[in-house]
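This report concerns only the one structure given below.
The values are calculated or read from the model by the stated rules, or taken from the named source; none is laboratory data. Not measured: the values here are computed from a predicted model. Please note: Cβ atoms are built from the backbone with ideal geometry, for glycine as well, and neighbour counts cover all protein chains shown.
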């Protein structure tokens, strides 16, 4: 009965995929939805005997997933992964159904296989028991669309629930007090990754940034157990750093995998030098996807693949040295630091979905040498979160932004106000509603100095819209094909 | 004569949800346009709140974890002085959680009552369904903003599961034109008592409502310097644009 049901689920999914393609639409979620309806155990069946990895957390999921996939492929693995944005159960199922044939064929040829699934935090609670991953990564916990999830503690509870539904090795960010707490009760299967505490301290002291008049809103200043403010010996960004609670003694754990770095040059430049460490082993690498937040994503991806290698006993291919070298070959993920060349100018798209993402993107633009202008797009559709007031949580004031600023999106008025309140002269800002978004991109490009770059910071649906325009104009490959 | 005011930003490290910080940025910006020297001080857990030091107080909203962390400190340690400040006419802006905390109690789903400050005659009941939407309210007491029409129409965004009910000693802040307001039933939003303004509208509240920002500043000036303060209207072109953009988005 079950197999008949499963067969029917496959047929239903295939037909819906065909239909969507005939209609010219991407099919990253719907076929999985159909399959789930017919066979509720679909995800569980698809993940039978797979080397699965799940990556969750509020920021950096997509990039970490992307890097992990690239490292595995470089090591000769056949890898199936989901498309960014399709990270709920239906999206995971769709990806696995599309990839199942390939997985089976690869195994027949004795090619090693893996499944790497970026998973939404709430969906993680429901899917980890079905996916039965060998490794789970929790990147970080920052405020993110709180209208959807309620609060961060709830988000963490969802992740905890998922971790308890599987027996995976748990890879946690040591510098995030909210994430690190997930080790409680899972000590024997937890591994930490982070930045070196010594490095953070050295860089804090050597290159103190411009301080803000009004500090950015922060997420985890207090120990949730003791209601006492954490003391920080050093910080990387946001609430990430070398923290300790003066009352209960809860403190950052020394990570097995850690990054050392020196900010004497800008981490916004490709090729920024880093050292990755696995205990006593060290590998010098160059950052392939720029931005300081990618120190964490890079380390997480290498750690994930090394740990998978240990679990499946394949350390000949997935060892620390090989994985670190493979990391340097990785490219930016969809909408994350994606650079596009248009004549002698460039467009770089940085998706921003929440305060810390926007803070990192603005820092990036502030530090990079090729920024000509900044183009912000803000929508408030359901996938974006209806509430856009989070833009006020971000410290724009201490950033050194380009003089030319463009603003669009359904909520361009809110973003325009935010920009002007940060001290940018309104005369230098060009703006318009979503219908003008292409026109404004043209203006930004026309005004751009040759050799320089227009930095576009959209949120989710405004990125999809802009991306669609760009696919058409610059003949890009559609991301769902 | 140049004026100076001191703003107390309470618990910015705990109550900082949904862009409440924007309200402080607005007060700073409009104060500077009105040539008022506005000093901002922050106080948090275990700091003393000395009412006589401040002309304005801002209290935002937070996540439940954070609000539970500070409620005891707010009610028991700072409470008596906060009540004194309110009776003394200090200007307060309280948003969402901060608003609820000034009331008598917050009743949770299961009927558990959390005692609050009781400075204002109101109480809140927690419900399952959250109100998450754009809001428009109307008030009748705001000063003019130069070249701005409809300055008494307020644009906001609400994001709350609590339903607040006002007692007879407290007036609502505004009439709801769009959105749920205090409880989705009586057509009113927020609370107004002495110089205390309470609202469910988050971080974009003051930035898009310069007349309200001006009202808070002017009220604090009058309290400190007397009715004779010089006050000139200042324009708000970008704010007007943002208001028009929201109105267009909402199809108004």
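Being at pLDDT below 95, outside any helix (DSSP H, G or I) and within 13 Å of chain B (Cβ to nearest Cβ) is a property that does not hold for residue A:400. Out of everything in the range A:245-261 that is without any contact (Cβ under 8 Å) to a residue 60 or more places away in the chain and part of a loop (DSSP other than H, G, I, E, B), what residue ends up being nearest to the chain's Cα centre (by Cα)? The extreme case among them is A:245.
One residue stands out in the range B:12-33 among those that are more than 7 Å from chain A (Cβ to nearest Cβ) and at pLDDT 95 or above: the one that is surrounded by the fewest Cβ atoms within 10 Å (Cβ to Cβ), namely B:32.
Among the residues of the range B:37-51, not a single one is within 7 Å of chain A (Cβ to nearest Cβ), surrounded by fewer than 24 Cβ atoms within 10 Å (Cβ to Cβ) and free of Cβ contacts under 8 Å to residues at least 12 places away in the same chain. Out of curiosity, is residue A:298 out of contact with any strand residue (DSSP E or B) (no Cβ under 9 Å at 6 or more places or on another chain) and in the same structural domain as residue A:116 (by TED's automatic domain parsing)? Spelling it out, it is not the case that residue A:298 is out of contact with any strand residue (DSSP E or B) (no Cβ under 9 Å at 6 or more places or on another chain) and in the same structural domain as residue A:116 (by TED's automatic domain parsing). Within the range B:222-249, the residues that satisfy the criterion of being part of a loop (DSSP other than H, G, I, E, B) and surrounded by 13 or more Cβ atoms within 10 Å (Cβ to Cβ) are B:229, B:231, B:233, B:234, B:236.
Can you find even one residue in the range A:208-220 that is free of Cβ contacts under 8 Å to residues at least 40 places away in the same chain and touching a strand residue (DSSP E or B) at 6+ places or on another chain (Cβ under 8 Å)? Taking every residue of the range A:208-220 in turn, none turns out to be free of Cβ contacts under 8 Å to residues at least 40 places away in the same chain and touching a strand residue (DSSP E or B) at 6+ places or on another chain (Cβ under 8 Å). Listed by position, the strands (runs of 3 or more DSSP E) inside the range A:147-244 whose residues that are closer than 23 Å to residue A:59 by Cβ, within 14 Å of chain B (Cβ to nearest Cβ) and modelled with pLDDT of 95 or more number at least 3 form an empty set. Among helices (runs of 4 or more DSSP H) entirely within the range A:1-112, having at least 1 residues that are without any contact (Cβ under 8 Å) to a residue 12 or more places away in the chain singles out A:2-22, A:61-74, A:89-108. Look at residue B:64 and say whether it is surrounded by fewer than 17 Cβ atoms within 10 Å (Cβ to Cβ) and within 8 Å of chain A (Cβ to nearest Cβ). For residue B:64, the condition - surrounded by fewer than 17 Cβ atoms within 10 Å (Cβ to Cβ) and within 8 Å of chain A (Cβ to nearest Cβ) - is met.
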